[in-house]
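For reference, the structure is listed below as C-alpha cells.
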There are 2 protein chains.
Amino acid sequence: MQRTPLLMSRLIERGARLAPDAEIVTATVNGTRRQDLRETLLRAHRLAHALRDAGVGVGDRVGVFMWNGSRHLEVYCALAGMGAVLLNLNVRLHGRDIAYIVNHAEPRLIVSDADLLVRLEPLADRLPTVEKVVVAVEEGGERWSTSLPDAVDYEDFIAPWSGRFEWPKVDETAPLGLCYTSGTTGHPKGVQYEHRSQYLHTMAMCMTDAMSLSATDTVCGVVPMFHVMGWGLPWAALTLGCKQVMPHRFTRPERLVRLIAEEGVTLAAGVPTVWQDVRAVCVDRPGAFDLSRLERIVSGGSAVPAALARWYWEALGVEMIQEWGMTETSPLVTFSRRVARPDGGRRVAAAPEAYLAEVAKAGQALPGVEVEIFDPDFNRLPHDGRATGDVLVRGPWVCSEYYRSPRPEQFHDDWLITGDVGCIDRRECLVISDRSKDLVRSGGEWISSVDLENHILSLDGVAQACVVAQPHPRWEQRPVALIVLDEGASVNRERVLTHCARRFAKWQLPDDVLVVDSIPLTSTGKMDKKTVRADLGAAGYRLPELR
Amino acid sequence: MQRTPLLMSRLIERGARLAPDAEIVTATVNGTRRQDLRETLLRAHRLAHALRDAGVGVGDRVGVFMWNGSRHLEVYCALAGMGAVLLNLNVRLHGRDIAYIVNHAEPRLIVSDADLLVRLEPLADRLPTVEKVVVAVEEGGERWSTSLPDAVDYEDFIAPWSGRFEWPKVDETAPLGLCYTSGTTGHPKGVQYEHRSQYLHTMAMCMTDAMSLSATDTVCGVVPMFHVMGWGLPWAALTLGCKQVMPHRFTRPERLVRLIAEEGVTLAAGVPTVWQDVRAVCVDRPGAFDLSRLERIVSGGSAVPAALARWYWEALGVEMIQEWGMTETSPLVTFSRRVARPDGGRRVAAAPEAYLAEVAKAGQALPGVEVEIFDPDFNRLPHDGRATGDVLVRGPWVCSEYYRSPRPEQFHDDWLITGDVGCIDRRECLVISDRSKDLVRSGGEWISSVDLENHILSLDGVAQACVVAQPHPRWEQRPVALIVLDEGASVNRERVLTHCARRFAKWQLPDDVLVVDSIPLTSTGKMDKKTVRADLGAAGYRLPELR
C-alpha cells in the first residue's frame, strides 16, 4: 500500500474542491459577512506566503487571538498547510495566564482580532518572543492603532501575495496545534496536537455514529475556535465542504438564535450553558425564531442536563448529542449512543424516552480510542453501570505528555488520567459522575454534584444549578446548592429539598440552597466551581448547622 | 500524542463490546442460523489459538475458500487479530487460477466450506504448500470426507481451545490480507492489504457521506467476502456493532429478497446485476416481500444504470448509492454524492431527479484518497465534466505494487493507473465512461459502451444490455449491443436503435442489436465482455455491413 502521510493538508482542501460555493458566514456588528470556501482557501494560501515571508517556517508556532470568523479559519488552513503550529490563545483568560502561555510556547508572531488588541496591549512588554502582530479587522469594526510591535493589518499582510502555496510534506507526527488547559492549580498546561492525531480525529468526527456530520449540514460552532481547535469542527467541516456559520464575538443568546435561524443551521455545537441561554430566549419569545432547520445540537464541556435535552426535543424536535473529552484528548472521545431512529433518518425516535436515557450519558468511545474506569490501585472496574472509578483514556488522539513539561503523574502506563470519575454501563456507555475534585466527600461516601444539579434543573423555574462542597467538622464535606431562577419564578429552599428527596437519600441532600443572581463561568463557559467555593469562603459562608 | 498503531485488532472487537447481542445471521439449507457478536468474537479467539497451534504465525498466509457466513467472519477476526494474512480465494475462479494463486501466495493452511471441497480436491496435488485443510460445515450440510491432506472439521479444530488470545502488537504496516484480481490477460495479480490501509478504509466507510453506516443498521453484504474482503463491509460492521445478514451460497434472487425482508435489512451491498435480478423478482411477485425496512443499496463493481436506481426509488423508496473502486484500492474510492435530504434524514429527497443525476456518477473521493484524470502523456485534465482521460488514484489504501510482482507499468509516479476511463465534474464527481479495454474505438473517436448500455436499459422490456466492440475494416471498431429481454417482452433491433438515436449521434449507434438469452458474467458478477467478444468470434459473427 502507498505510504501516504496523514497530513491535515490532505483534508482541508477537500471541501473547497467539492463545494467551492459553500459559504463561510461571519457575524459582524451590522449583520453578516459571507465568503465562499474557494475564496477562503485561496486566501489561506496567500496568508501562508505572507507568513513564510515573515519568517514562519515548518514547526514554528503562531499565536492566534481571535473570535470565530472566516479569517480565523484561514489561519487554521494556512498554518496546517504550511506545517506551522496553531497556538490557540483563549481570549477570555487572565492576562497573567496569556503572558505565561506566550512565554512558554514562544510564538514569533500573533494574529489578533482588532477588538482584542486591548487585551494584548497591557502585556506588550511581557511577550519577548513576539516580533509581529497581524491585526484582523471585521466588517463594521473601528480603525485600529496599537502599541504592539510591528503591527500590520491582516489584509495588507496578505495583499502582496497570490498563487498556490505548495504545502510541504512534513512527517505525519509533526506538530499541528498547541492548546493550553487552564489548570485548577498552577500554570496552564500545553497539549500539542499532531497532524496524524487530528487527521484520525477528523475522520472519526465524520462518522454517522458520532454526529452524522455531512456535506449537507450547515454547521455553527458556538464553541470558540480557541477551545481545543473548536472541538475539531472547523477541520471536519472543511473536509466535508459544509457551510459554516461563525458567531464571532456576538454570542449573546438572542443574537445567536437569530443567526442560527436565519442561516438555516442544521448542527450547532457548544457547552450546555449556551443551550440553557438559548432555551431561555426561545421560551421568552415563542415563535419569534424559525428553528425548523436545526436538527442536532452537540453539547459538551460538561454534562447535558436531562431536562434541557427534553426541552429541545419536545419544543423544537432537536436531537441533542452529548460528547465528552478534554483538551488532552483533541478533544472528542465519546458520543452519546444514538438509538434506533425508526423514521429511517438522522433524527431520533419520536418517543423520546430511550433517547433521553442515552443522551444523559457521555456515551460510547469513538473507534480507536479506549475508555476504562479504574480503582485507586489501577485495577480495572467492571462495566456494569454501577462500579465507579477514575476515568482513563488512551488512543491515537490522546496526549502522552504535556508540552515542555511532561507531568508523568497524570499518566498511568499508556493511559491518560482524566481527572473525571464515572462508570461504564453494559453497552459501553460512559457516565461521568463528576470531576474528581468536584465530588463531595461526606462521611466516607461520595456525593455527585452533577447528579444533584441535573435533578434540581428538572424543577420548573430553576434556570441554573451549581452544587459545591463546603467543609464540615464531622462529615468532612457537605453539599450546598446555588440556584439561578427563571425570570419571575419563585422557588425556595424547601421546594428544592423536597424535590431532591424524591430521588436522593437523606445524607445526599444539600445542606443549604442559595438563590443567586448568576453562577460564575470559566473561560471555557463551564460553571467555575473553584470561584464559587472561593466566593463562599470570602463571604464567610458557613453551613446552617454550624452557624 | 500517543503512538497508537492503526491495527485492525483495535476495531474488530469494538462492536462486540458495544452490541454483544447483535446477531450474525447465516442463511442455511433450511433457513437461517444465528449467533451473536459476543459469541463470534469468542470463537475467533478460540480459532486463533487453534491456528497458532497448527503453526500459523504473524505474517503467515491462510487461504480462505468460503461463502459469506459467521465462520468466515470468525476467520476474518482471528487472522486480523493474530497478525496472520487473510488470503481471499474466489470460489468461482477456474481451478487453474486457484492453483496459480495458492502456489503464488503459499498458504500453509486453507479454511474451506465443506460444500466447496469438490472444487479444491481436483487440485490436491497442485497445492504443495498446503499442509492442512479446516472444513466448515454449515447447519443442514452433509457429512463430508475429502482426499485433501490433514483435513479437520472446523468445530473439532477450535473445540480444545478457550480463553482470550492476546492479539499481538504488530507494526501498523504489517500485512492483513491478500486478494487476487482476475487479470484480463495473464495470471491473476495479488494485492496485499495492510492493517493501516484497512483501518483508514474502515473509518472512511463509517462516514455519513459514504453510506451513512451506523450501529442501527442491519447490513447484508451480497458481495462475497472473497471479493476484496467483502468491500470492507464486514470490518465496518464489526467496528460499529451492526447486525449482519450473510447469504452463504443461497444467492438466488428470490431467496435473497426473502432473507432481506425477513431479517429487516436496512443496507445491502452488491453488484448491479444482483439488483437487476432482485428487481425482477419484486416485479414478478408484487407485494410478496416486505422490504419496508430497506433504506439503502450500495452498488459497485460496475456502473449503476439510471433506470435501475429510478425503479428502486420509485417502487421501494430505496436509495441507491454508487461506489467505485477495485481490488487495488481496498476497494472503496468514491461514493456517489448524497444530495440534500430535506426530510432531515438519511433518505434522499422525495423529488428524485437531483438524486438520480448524482447516483449515475461514481461520485466523490473519500477523504484522503485522490482521483485524477490524465491524458496519454500524463498531463492532468480539467474537472469540467467533459474532458475524458485515464483515471488514476492515490492514497493510503491504494496499492503501490503487486504482490511478489511489482508491475511498475501499472503505476505513474505515486499514482495507480486504474484502467478506467472517465471525466470529473465541477463538484469533483467522477464519471466512469468505461474500462479502457471496453471502449469502442471508431474512426478515431471513442464510444462508451457503458453509456449505450445505460440508455438501452431505460427501454421498457430490456432486462440486461451489453455493448462490445467488433472489428471493422474502415472504422477499426463498431459497437454491437446484446440484450436480454424481460419475460414476455418483445423489443426488436429497430426499437433499440430508435431509442438510442434520441440521445446518441448516428456514428455512436450500435451497428447491430442481438437478442440473447443471457449475458455471461465474470466470477465477480460483472458482465464478461471478454467472453462475449470471444463467443461472437467463435460463432463467426460479422457486422451486418460486412456480411
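Rule-based calculations on the coordinates, nothing more; no lab input. Here the structure is a predicted model, which means the values were calculated and not measured. Heads up, the Cβs are rebuilt from the backbone with ideal geometry, glycines too, and the neighbour counts pull from every protein chain shown.
A protection proxy built from the mean count of other Cβ atoms within 10 Å ranks the segments B:208-215, A:311-318, most packed first, as B:208-215, A:311-318. Sorted from greatest to least, the principal axis extents spanned by the alpha carbons of the stretch A:225-368 come out as 43, 36, 27 Å.
Summary for B:R474: label point 7 Å along Cα→Cβ; distances to the equivalent points in the other copies, ascending, 11.1 nm. As a ratio to 2.2 N^0.38 Å, the alpha-carbon radius of gyration computed for the stretch A:340-461 takes the value 1.24.
The value of relative contact order for the stretch A:102-156, using C-alpha pairs under 8 Å at least six residues apart, is 39 percent.
Of all beta bridges that DSSP places with both ends in the protein assembly as shown, some 55 percent have antiparallel geometry. Beta bridges from DSSP with both residues in chain B: antiparallel share about 55 percent, rounded to the nearest 5. Label point of A:P149 (7 Å along Cα→beta-carbon): distances to the other copies' equivalent points are 7.6 nm, sorted ascending.
Principal semi-axes of the equivalent ellipsoid, √(5λ) from the alpha carbon gyration tensor of the stretch B:173-306, are 27, 19, 12 Å from largest down. Shielding of peptide A:364-370 by partners, expressed as the average count of other chain Cβ atoms within 10 Å per residue Cβ, is 6. A simple spin-label model places the labels of A:H94 and A:S405 1.4 nm from each other, with each point 7 Å out along Cα-to-Cβ. What separates the B:H412 label point from its copies, with the point 7 Å along Cα to Cβ, is 5.6 nm, written shortest first.
Just so you know, the Cα atoms of chain B work out to an Rg and Dmax of 23.2, 73 Å. Working from Cα pairs under 8 Å separated by at least six residues, relative contact order for the stretch B:142-237 is 19 percent. Note on A:208-221: average number of Cβ atoms from other chains within 10 Å of each residue's Cβ is 5.
Expressed to the nearest 5 percent, the antiparallel share of DSSP beta bridges inside the stretch B:99-183 is 0 percent. Ordering of A:144-155, B:411-422, B:64-75 by packing is B:64-75, B:411-422, A:144-155, highest average first (other Cβ atoms within 10 Å, averaged per residue).
Computed from Cα atoms, the angle from the helix A:529-538 axis to the main principal axis of chain A rounds to 60 degrees.
The mean number of partner chain beta-carbon atoms within 10 angstrom of a residue's beta-carbon across peptide A:411-419 is 1. Centroid-to-centroid, using Cα positions, the stretch A:521-537 and the stretch B:70-100 are 59 Å apart. If all Cα-Cα distances of the protein assembly as shown are sorted into 20 Å bins from 0 onward, what percent lands in each bin, rounded to whole numbers? It works out to 12, 40, 34, 12, 2, 0, in whole percents. Give the residues of the stretch A:98-112 whose amide nitrogen is closer than 19 Å to a point set 7 Å from the Cα of A:H187 in the direction of its Cβ. Under 19 Å, as judged by backbone N against the label point of A:H187, lie A:98-109 of the stretch A:98-112. Basic side chains Lys and Arg get +1 at the Cβ, acidic Asp and Glu get -1 at the Cβ, and with that the dipole of the stretch B:166-304 about its Cα centre reaches some 320 debye. With contacts taken as Cα pairs under 8 Å at a separation of at least 6 residues, chain B carries a relative contact order of 10 percent. With the simple spin-label model, which puts each label point 7 Å out from Cα in the Cβ direction, the A:V283 to A:A354 separation comes to 2.9 nm. Put a dot 7 Å past the Cα of B:R34, heading toward its Cβ, do the same for A:T531, and the two dots end up 5.5 nm apart. Here A:Y541 and A:N492 are evaluated by their C-beta separation; at R0 = 30 Å the FRET efficiency comes out at 0.95. Every Cα-Cα pair of the stretch B:67-196 was included, and the share exceeding 24 Å stands at 32 percent. The length gained on full extension between B:V152 and B:N103, counted as 0.36 nm times the residue separation minus their Cα-Cα distance, comes to 15.5 nm. Scoring A:463-475, B:37-49 by mean Cβ neighbours within 10 Å over their residues and listing the highest first yields B:37-49, A:463-475.
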